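Here the structure is laid out as structure tokens; the discussion comes afterwards.
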Amino acid sequence: MDSFASRSFAALFGIVAALGAAAACSSKSSGGVTAGGTDGGDGSTSDVGATPTDPPGMFHALQAELVATCGGAGGQCHVNGTFLSAPKWLAGPDVYATCRDYPGNIPASNDPLDSKLVTQVVHEGPALITTPDLFDRVRAWVVAEVAARGAKLPATDAIPVKTGSNTYDLSALAGGLTGAKLTFDATSSGKILTIQNMMITAPFAKGLHIEGPFYVIVPASGPTITDTTDGFAGTLDVSSGETKSFFEGTSVLTKWDPAGKLKIVFARFDPVFPDDAGPGVSCANLGAFTASAVPAFKLDLGSGNTCQTCHAGGNASAKSAMDLSLLDSAPASACQQVLHRILGKNPTGSQLIQTPTGAAGGDPSHPVKTVCPTQTTTDAGVQLCTPQAFVDGVTTWINAE
Ligand code: HEC
């Protein structure tokens, strides 16, 4: 996991390595400027009066110092862009809006660590971190802007991409997603990274709903690059257990750093509880279901709680995950709800048993995830546990199915 500390350290390391590099855009040594205007600010470097809930106020309080540090002599660098066509991310008339909207400054991932401003190293100009006080205030402003816009988007870790096949584990993006992954083949040539055969796999028993994935490139050194243009628009739905093409399946990134890392960010990444086994799929052995599985769902797990009490409506999210409300009135429908949580002839591998027994393939957030040490679970106040009789009853049905 990246932290400000480690990234800052990396940035500092870059600075040390690059000491002596010409800092033509460092205007501190060539006379400060206030070009671009102070936009209502009084030029004061004090944050007094600016709160984290007032991002524009925070920016206005640091604007003069930021322009003096990054604008270059007479504003030739990031204000006017006359020096080496420097990007004009501090241009007027509204310096605040320019800086906020400049791509990558307030990163699309809503992760302040991806901000181009915060991660810049020494270039023709200074790295912001060489002025630690200003760096801290810019970072606080970025954090406030991101917080005002919304939560950090779901994202993979940033990992190096190797030539040939690559796998991103997606299981950490939400609970109970063991087995969810994204695979692709990659080749790179200089700054071009070609990604092909992108396939996504949804875990067993949960589907995935995905929207608008895009890339974030973390170069070995230098500012983080948010690449939304090479991502994908639209939505993708993957059924439980299914492997399918990931959007168009191909991306060509043109700002790649072969020594860098790549992260994939999702505008949305939602696990989807499938309603039932699907149209036209029904239980082959309803007799075994009613004889062995139905009584198992009614076993006391402690203090009178059963699978049925929560999953028939006692707990709304339990019911929406696996609906047992028709267990008594229409067992065929209840059976269809449960059917896609079992693996035929493989009871122990079935999610129906893995989840309430705390096995690796189950949902770790499930309220019941231990097997009872004894067969008695009726003591009030004990933590809920799954009796062996549940496993036995459901196993009998799964083997018959
Ligand atoms: C105290 C309430 C409660 C009891 C009792 C309970 N569950 Fe659940 N169950 C939940 C909730 C809440 C969810 C949905 C959220 C989650 O998966 O953590 C759920 C989800 C599930 C899922 C779906 C998990 C997934 O990842 O999609 C399965 C399978 C399941 N339960 C099986 C059982 C079985 C079998 C029993 C009886 C041995 C049982 N549950 C008893 C509350 C309960």
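The values are calculated or read from the model by the stated rules, or taken from the named source; none is laboratory data. Keep in mind that this is a model prediction, so the values were computed, not measured. All Cβ positions, even for glycine, are placed from backbone atoms using ideal geometry, and neighbour counts span all protein chains on display. Ligands, DNA and RNA are stripped out before the accessible areas are found, and what is left, the full protein with its side chains, is counted by its heavy atoms. Shrake-Rupley method; radii C 1.70, N 1.55, O 1.52, S 1.80 Å.
Out of the stretch 332-355, which residues are under 18 Å from Leu177 (Cβ atoms), of a type outside the set (S, T, N, Q) and either in contact with a Ser or Thr (Cβ under 9 Å, 6 or more places away or on another chain) or part of a loop (DSSP other than H, G, I, E, B) (or both)? Spell out how you get there, then give the answer.
Going residue by residue through the stretch 332-355, those that are under 18 Å from Leu177 (Cβ atoms) are 340-341, 343, 349-352, 354-355.
Of the ones still in play, those that are also of a type outside the set (S, T, N, Q) are 340-341, 343, 349, 352.
Selection gives His340, Arg341, Leu343.
Do the conditions hold for Gln337, that is, is it within 11 Å of the ligand (Cβ to nearest atom) and over 32 Å from the mean Cα position of the chain (by Cα)? Answer is no for this residue. Within 12 Å of the ligand (Cβ to nearest atom) and either among the hydroxyl-bearing types (Ser, Thr, Tyr) or open to solvent by less than 30 Å² (accessible area, probe 1.4 Å) (or both): does that describe Thr290? Spelling it out, it is not the case that Thr290 is within 12 Å of the ligand (Cβ to nearest atom) and either among the hydroxyl-bearing types (Ser, Thr, Tyr) or open to solvent by less than 30 Å² (accessible area, probe 1.4 Å) (or both).
Check whether at least one residue in the stretch 372-387 is touching a Ser or Thr at 6+ places or on another chain (Cβ under 8 Å), more than 22 Å from Gly241 (Cβ to Cβ), open to solvent by 40 Å² or more (accessible area, probe 1.4 Å) and part of a helix (DSSP H, G or I), and report yes or no. No, there is no match, as no residue in the stretch 372-387 is touching a Ser or Thr at 6+ places or on another chain (Cβ under 8 Å), more than 22 Å from Gly241 (Cβ to Cβ), open to solvent by 40 Å² or more (accessible area, probe 1.4 Å) and part of a helix (DSSP H, G or I).
When residues of the stretch 293-326 are filtered for being on the phi > 0 side of the Ramachandran plot and either surrounded by fewer than 20 Cβ atoms within 10 Å (Cβ to Cβ) or more than 9 Å from the ligand (Cβ to nearest atom) (or both), how many remain?
Total satisfying the criteria: 3.
Just one of the listed residues (Gly344, Gly361) is small (Gly, Ala, Ser) and in contact (Cβ under 8 Å) with a residue 60 or more places away in the chain, and it is Gly361.
I'd like the full set of residues that are within 11 Å of the ligand (Cβ to nearest atom), open to solvent by 10 Å² or more (accessible area, probe 1.4 Å) and either in contact with a strand residue (DSSP E or B) (Cβ under 8 Å, 6 or more places away or on another chain) or in the same structural domain as Gly362 (by TED's automatic domain parsing) (or both), limited to the stretch 171-208. Explain how you work it out, then say what you get.
Initially, the stretch 171-208 is screened for residues within 11 Å of the ligand (Cβ to nearest atom), giving 174-178, 203-207.
The next check asks that each one be open to solvent by 10 Å² or more (accessible area, probe 1.4 Å); those that pass are 174-176, 178, 204, 206.
Answer for the stretch 171-208, where residues must be within 11 Å of the ligand (Cβ to nearest atom), open to solvent by 10 Å² or more (accessible area, probe 1.4 Å) and either in contact with a strand residue (DSSP E or B) (Cβ under 8 Å, 6 or more places away or on another chain) or in the same structural domain as Gly362 (by TED's automatic domain parsing) (or both): Ala174, Gly175, Gly176, Lys206.
Please specify each residue of the stretch 237-265 satisfying the condition of being of a type in the set (A, V, I, L, M) and crowded, with 18+ Cβ neighbours inside 10 Å. Working first, answer last.
Here is the first cut: in the stretch 237-265, the residues of a type in the set (A, V, I, L, M) are 238, 252-253, 259, 262, 264-265.
Residues satisfying the conditions are Val238, Leu253, Leu262, Ile264, Val265.
Of all the numbered requirements in (1) open to solvent by 60 Å² or more (accessible area, probe 1.4 Å); (2) modelled with pLDDT of 90 or more; (3) touching a helix residue (DSSP H, G or I) at 6+ places or on another chain (Cβ under 9 Å); (4) assigned to a loop (DSSP other than H, G, I, E, B), Ser329 misses one, and that requirement is (3).
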